[in-house]
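In what follows, a single structure is set out as structure tokens and then discussed.
Read-outs: derived from the displayed coordinates by stated rules, not from any lab. On a predicted model such as this, the values are computed, not experimentally measured, just so you know. Please note: Cβ atoms are built from the backbone with ideal geometry, for glycine as well, and neighbour counts cover all protein chains shown.
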């Protein structure tokens with residue numbers, strides 16, 4: 001029942017509806033965030049926009065695996081790609097209310113308001129802070145999602161993109177036999193599509209994301225959350241004797257909090 005304002009972000013990162021997509025890209029990059037609120041000058045909340053929203057409409061050039069993708073945003077306004085209406089919670093509402101809303105709408109963040117004005121964001125990453133602070137000892141095995149959607153590290157990049165589309169999930173765990181070695185996410189897939197066709201025939205291992213955290217399935221949730229926060233990892237994998245047993249994200253912690 002802790003109020004949302006104790007764990008919400010310290011500031012609201014926002015852009016105007018009339019801002020260009022180039023301005024949006026600069027804001028997200030400069031602030032090292034993946035999304036922003038869209039507000040009028042008087043603070044009225046109009047929508048939310050994410051890096052993934054931008055990548056879907058941008059021209060992405062990538063000639064090799066070694067070079068970072070060059071993102072060219074079209075000459076459009078933020079209003080043209082923002083998502084609306086926005087799901088909100090009042091700063092005084094308990095964390096559980098935010099968790100219930102995130103689970104019901106299948107979203108990873110809600111905008112926090114005070115007296116009708118947007119002031120901050122409460123995300124699934126903030127939910128990890130809640131789990132850590134309150135020393136939740138429930139074992140990972142009771143909250144993890146299982147079985148896990150996986151692909152073999154030798155699968156081609158094109159095939160991995162297809163599998164991700166078919167799975168209708170935000171990411172696939174890349175495995176070497178039974179051992180997890182990385183993840184292939186929606187953002188990775190968007191950038192991979194920009195590669196020349198001959199490079200997309202290479203193994204997905206060439207473009208996968210190595211940022212995963214593997215812990216025993218018996219690990220208490222507060223330790224899982226603490227390690228995820230410290231390493232800035234979004235996906236935590238439950239393993240036993242090196243074999244993948246399940247997966248958990250901040251969204252799964254929100255689902256757990258909503259059930260309490």
>> Run lengths n ≥ 4 of DSSP H only: what is the helix-derived mean residue ellipticity at 222 nm for the chain, with -39500 (n - 2.57) per run over all residues, to the nearest 500?
In response: -9000 deg cm²/dmol
> Over region 4-123, what is the percentage of antiparallel beta bridges among all DSSP beta bridges, to the nearest 5?
Replying inline: 75
>> What is the distance in Å between the Cα centroid of region 22-51 and that of region 197-250?
In response: 28
> Distance in nm between label sites at residue 179 and residue 201, each 7 Å beyond Cα in the beta-carbon direction?
Replying inline: 3.0
>> If each residue of separation counts as 0.36 nm, what is the full-extension length gain between residue 2 and residue 29 once their alpha-carbon separation is subtracted?
In response: 6.5 nm
> DSSP beta bridges in the chain, what fraction antiparallel, as a percent rounded to 5?
Replying inline: 75
> What fraction of the Cα pairs in region 26-178, stated in percent, has a spacing above 23 angstrom?
Replying inline: 54
>> Can you say what percent of the DSSP beta bridges in region 140-259, counting only those with both residues inside, are antiparallel? Round to 5.
In response: 70
> In Å, the Kirkwood hydrodynamic radius of region 1-96 over pairs of distinct alpha carbons?
Replying inline: 14.8
> Using alpha carbons only, what's the Rg to Rh ratio of the chain with Rh from Kirkwood?
Replying inline: 0.98
> Which translational diffusion coefficient, to the nearest whole µm²/s, is obtained for region 42-91 from the Stokes-Einstein equation, given a Kirkwood hydrodynamic radius over C-alpha pairs, 4 °C and 1.567 mPa s?
Replying inline: 99
> Considering the chain as a Gaussian network with a 10 Å cut-off on Cα pairs, which listed residue, 129, 166, 186, attains the greatest mean-square fluctuation?
Replying inline: 166
> How big is D for region 108-224, in µm² s⁻¹ as a whole number, if Stokes-Einstein is applied with the Kirkwood radius of its Cα pairs at 4 °C and 1.567 mPa s?
Replying inline: 79
